[in-house]
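Chemist: Right, I'll just put the structure down here and ask away after.
The values are calculated or read from the model by the stated rules, or taken from the named source; none is laboratory data. Just so it is clear, the structure is predicted and the values come from calculations on it, not from any experiment. Methodologically, a virtual Cβ is constructed for each residue, glycine included, from the backbone with ideal geometry; neighbour enumeration extends over all protein chains shown. When the accessible area is computed, the model is the full protein with side chains, heavy atoms only, and any ligands, DNA or RNA have been set aside. Shrake-Rupley method; radii C 1.70, N 1.55, O 1.52, S 1.80 Å.
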Amino acid sequence: MEVAGEIGIFESQKACAPLRKHLFGARRFLPWLLVLVYMAALLAGSSLADWLVPGTGLLGLLVVAIPAVLLWGKICGRMAPKAWMARGVPMQAMTTYRADETGLTIVWPHYETRLAWAGVSQIAPGHKSWLFIGPVQAFFLPVRFFADPAAETAFLRACFDRLDPAAKTRSKDLAARLG
């Protein structure tokens with residue numbers, strides 16, 4: 001059984017977002033907490049500035065901080081893909097997923113990864129994808145690769161049936177979908 005399609009640079013980050021929630025829980029928000037602490041420090045500094053020179057506080061902070069945060073997000077979002085493309089990495093790569101008796105094979109134009117069924121510890125839903133959680137990492141299969149929901153169910157059933165009992169137990173969302 002096989003499905004194929006194109007995967008873009010850093011698409012895995014979005015696809016695996018539910019995995020971060022599963023693995024890290026509330027700790028996944030720590031970077032944003034640090035941003036909030038930074039913003040609180042800016043607010044405290046602006047309050048001090050306003051106290052020293054009336055009229056320069058909160059308005060000055062907002063005029064500087066909001067565009068800075070938006071610009072930061074825009075620059076950071078483009079920086080990594082541009083760096084990869086500068087090294088000859090294409091924006092998208094054709095990817096094929098093959099499920100057979102021995103495992104899941106993921107094929108890209110210049111290499112392939114083989115994940116034996118014994119190495120799949122769970123199949124879990126991701127963001128518009130299915131996550132095959134294996135040793136050291138998760139591999140994602142975008143839902144858009146399937147022609148229709150029936151093809152998706154057939155592929156996932158073929159994979160689920162080959163998992164060991166412990167992995168099937170951990171794959172409760174998939175088991176519920178397959179009924």
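Chemist: Return the pair list, or none, for Cβ contacts closer than 7 Å from residues in the stretch 140-167 that are on the phi < 0 side of the Ramachandran plot to residues that are open to solvent by 60 Å² or more (accessible area, probe 1.4 Å) and in a helix (DSSP H, G or I), at least 6 apart or on different chains.
Modeler: So the pair list comes out as Phe160/Lys168; Asp164/Ala118.
Chemist: Here's a follow-up. Across the stretch 86-108, what is the number of residues that are open to solvent by 90 Å² or more (accessible area, probe 1.4 Å) and either more than 19 Å from the chain's Cα centre (by Cα) or not aliphatic (A, V, I, L, M) (or both)?
Modeler: Of the residues in the stretch 86-108, 4 are open to solvent by 90 Å² or more (accessible area, probe 1.4 Å) and either more than 19 Å from the chain's Cα centre (by Cα) or not aliphatic (A, V, I, L, M) (or both).
Chemist: Same structure, new question: Mind checking whether some residue in the stretch 62-69 is open to solvent by 20 Å² or more (accessible area, probe 1.4 Å), touching a helix residue (DSSP H, G or I) at 6+ places or on another chain (Cβ under 9 Å) and at pLDDT 90 or above?
Modeler: Going through the stretch 62-69, the residues open to solvent by 20 Å² or more (accessible area, probe 1.4 Å) turn out to be 62-64, 66-69.
Filter again for touching a helix residue (DSSP H, G or I) at 6+ places or on another chain (Cβ under 9 Å), leaving 62, 64, 69.
Still in the running and at pLDDT 90 or above: none.
No, every residue in the stretch 62-69 fails to be open to solvent by 20 Å² or more (accessible area, probe 1.4 Å), touching a helix residue (DSSP H, G or I) at 6+ places or on another chain (Cβ under 9 Å) and at pLDDT 90 or above.
Chemist: If Ala80 meets every condition in (1) in contact (Cβ under 8 Å) with a residue 24 or more places away in the chain; (2) open to solvent by 90 Å² or more (accessible area, probe 1.4 Å) apart from one, which number is that one?
Modeler: (2)
Chemist: So, one more: Can you name the residue in the stretch 127-147 that is among the small types (Gly, Ala, Ser) and open to solvent by 20 Å² or more (accessible area, probe 1.4 Å) and is also nearest to the chain's Cα centre (by Cα) among such residues? Break it down into steps so the answer makes sense when it comes.
Modeler: First pass over the stretch 127-147, keeping only residues among the small types (Gly, Ala, Ser): 129, 134, 138, 147.
Within this subset, residues satisfying the condition of being open to solvent by 20 Å² or more (accessible area, probe 1.4 Å) are 138, 147.
Values: Ala138: 10, Ala147: 23 Å.
So the residue we want is Ala138.
Chemist: Conditions first: (1) over 18 Å from Glu11 (Cα atoms); (2) touching a residue at least 24 places away in the same chain (Cβ under 8 Å). Pro125 passes all but one, so which condition is the exception?
Modeler: Exception for Pro125: condition (1).
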